[in-house]
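S.K.: Okay, here's the structure, questions in a sec.
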Amino acid sequence: MRVVVTGGAGFIGSNITDALLDAGHDVCVIDNLDPRGGGRPDHVSTSARFEQVDIRDRHRVEEITRSFQPEVVCHQAAQTSVVRSVRDPAYDADVNVVGMLSVLNAAVASAARRVVFASSAATYGTVERLPIDEATPQRPISPYGMTKLIGERYLQFFAREHGLEFTILRYGNVYGPRQNPDGEGGVVAIFVSRFLRKDGVTINGDGEQTRDFIYVGDVARANLLALDAGCNTAFVVGTGVQTSVTGIYAALADITGCEPRVTHAPRRSSDALRSYFDPVKASTGLGWRAEVPLADGLRRTVSYYAEALGRR
């Protein structure tokens, strides 16, 4: 199968690209390599076609997509920082809404069958009942969550208007190799980097806020299954287990044997207090379930960054 992966040089996108190539698919990666997004050319396999372009460049994206003629577009490119979305909601909307429309128009123009879309737990905001599932009301409290929800609505419109299939994957907190440790999001990558350097860490609030931490390899596998399953529906992609930030700290302290100094900062109003998923629909509709326990995923992540630091 021919698959375009937008954001394919980034953290999640490059792991998806590798999984697609391992499964025998032909892949074209579109990524602008903006350092704020974490895209790096060395993340892209030489077995994939690579095009350095911003998804907001509508004409170039359409030209590339027409040339490649994908059956599926796996749309991972995005402005992914909740903090940045609060600080600059116009930029967030430009990338996550205008950029997505560029990708959707290109998919239609190239006669792609389906778009697999990376949505987020942030579309739910603060919920009244846990765990979260696909029927939980979506009430985002950050611009990032709002633009991801708008993206879902545009997919529904393009399905009605153009017959373009979609599968929506609402990710929990994805972590693992290649995540940018210098960004504003991704507590695991930030913590791992600081633990290995024996630097202090900052925890917003009391650290008891919880998330559903999902290993990137499991997320990549969900995207592969979504190439053919889950037509015109949405799935939450998580482990079904909630873990606090202090729990991540304790697990990394156990793995690394280091306990960095902790500084507490005010809790961010744009962050939900507690969040975790009930992924039963993904099990029945995609044939997917998380396979990597948190402890194993953290060990793999620490090993990756330890090796990366050793190469510097």
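S.K.: On a 0 to 90 degree scale, rounded to 10, what angle separates helix 58-68 from the longest Cα axis of the chain?
M.R.: Rounded to the nearest ten degrees, it is 70.
S.K.: Still on this model: Among Arg274, Arg58, Arg36, determine the one that fluctuates most according to a GNM of the chain built with springs between C-alpha atoms less than 10 Å apart.
M.R.: The residue that fluctuates most here is Arg36.
S.K.: Can I ask one more? Arrange Leu149, Leu130 by Cβ neighbour counts within 10 Å, fewest through most, would you?
M.R.: Fewest-to-most Cβ neighbours within 10 Å comes out as Leu130, Leu149.
S.K.: If you take the square roots of the eigenvalues of the alpha-carbon gyration tensor of segment 168-288 and sort them as a ≥ b ≥ c, do you get rounded (a/c under 1.5), prolate (a/b over b/c) or oblate?
M.R.: prolate
S.K.: Note down the nm distance, to one decimal, between modelled labels 7 Å out along Cα→Cβ at Arg197 and at Met1.
M.R.: Placing both labels 7 Å along Cα→Cβ, they lie 4.0 nm apart.
S.K.: Using only the alpha carbon atoms of segment 47-156, find the Kirkwood hydrodynamic radius as the inverse mean reciprocal pair distance, in angstroms to one decimal.
M.R.: When all Cα pairs of segment 47-156 are included, the Kirkwood radius is 14.8 Å.
S.K.: OK, next. Using 1/(1 + (r/R0)^6) with R0 = 41 angstrom and r between the beta carbons of Ala250 and Gln156, what's the FRET efficiency to the nearest 0.05?
M.R.: So the FRET efficiency works out to roughly 0.50.
S.K.: Quick one: net charge around Leu286, please, counting Lys, Arg +1 and Asp, Glu -1 for every other residue with C-beta under 15 Å from its C-beta.
M.R.: -2
S.K.: Taking only Cα atoms of segment 225-279, what ratio of Rg to Rh do you get with Rh as the Kirkwood inverse-distance radius?
M.R.: Radius of gyration relative to Kirkwood radius: 1.14.
S.K.: Could you compute the net charge surrounding Pro260? Neighbours are other residues with a C-beta less than 14 Å from the C-beta of Pro260; K and R count +1, D and E count -1.
M.R.: Taking every Cβ under 14 Å from that of Pro260, the sum is +1.
S.K.: Distance between the C-alpha centers of segment 252-302 and segment 18-80? Whole Å please.
M.R.: 27
S.K.: Label points 7 Å out from Cα along the Cβ direction at Arg139 and Asp296: separation in nm?
M.R.: Simple spin-label model gives 3.7 nm for this pair.
S.K.: What angle do you read, to the nearest 10 degrees and between 0 and 90, between the alpha-carbon axis of helix 216-225 and the longest principal axis of the chain?
M.R.: Once rounded, the angle reads 20 degrees.
S.K.: Could you tally the net charge around Arg170, taking each other residue with its Cβ under 11 Å from the Cβ of Arg170, Lys/Arg +1 and Asp/Glu -1?
M.R.: Neighbour charge sum, excluding Arg170 itself: -2.
S.K.: With a cap of 11 neighbouring Cβ atoms within 10 Å, and only residues DSSP puts in a loop, list the trypsin sites (Lys or Arg not before Pro) found in segment 169-262.
M.R.: Lys198, Arg261
S.K.: Go from 0 up to the bin containing the longest alpha carbon distance in the chain, width 10 Å each, and give me the % of pairs per bin.
M.R.: 6, 29, 37, 22, 5, 0
S.K.: Hey, quick one: spin label on Asp22, modelled 7 Å out along Cα-Cβ, who in segment 157-177 has an amide N within reach, i.e. under 17 Å?
M.R.: What the label zone holds, given the 17 Å backbone N cut-off, is 175-177.
S.K.: Got a sec? How would His25, His75, His59, His162 order by Cβ neighbour count within 10 Å, fewest to most?
M.R.: Starting with the residue having the fewest Cβ neighbours, the order is His59, His162, His25, His75.
S.K.: Once both axes come from the Cα atoms, what is the angle between helix 245-256 and the longest principal axis of the chain, in degrees from 0 to 90, rounded to 10?
M.R.: Between helix and principal axis, roughly 80 degrees.
S.K.: What shape does segment 252-312 have by the C-alpha gyration tensor, where a ≥ b ≥ c are the square roots of the eigenvalues, rounded means a/c under 1.5, and otherwise prolate means a/b greater than b/c and oblate the rest?
M.R.: Oblate, since a/c reaches 1.5 and b/c is not below a/b.
S.K.: Where a ≥ b ≥ c are the square roots of the eigenvalues of the C-alpha gyration tensor, would you call segment 137-201 rounded, which needs a/c under 1.5, or, failing that, prolate if a/b is larger than b/c, or oblate?
M.R.: Since a/c reaches 1.5 and a/b is larger than b/c, the shape of segment 137-201 is classed as prolate.
Each reported figure results from applying straightforward, stated rules to the coordinates on display, with no laboratory input. Just so it is clear, the model here is predicted, and its values are computed rather than measured. Counting neighbours? That spans all protein chains shown, and the Cβs are built from the backbone with ideal geometry, glycine included.
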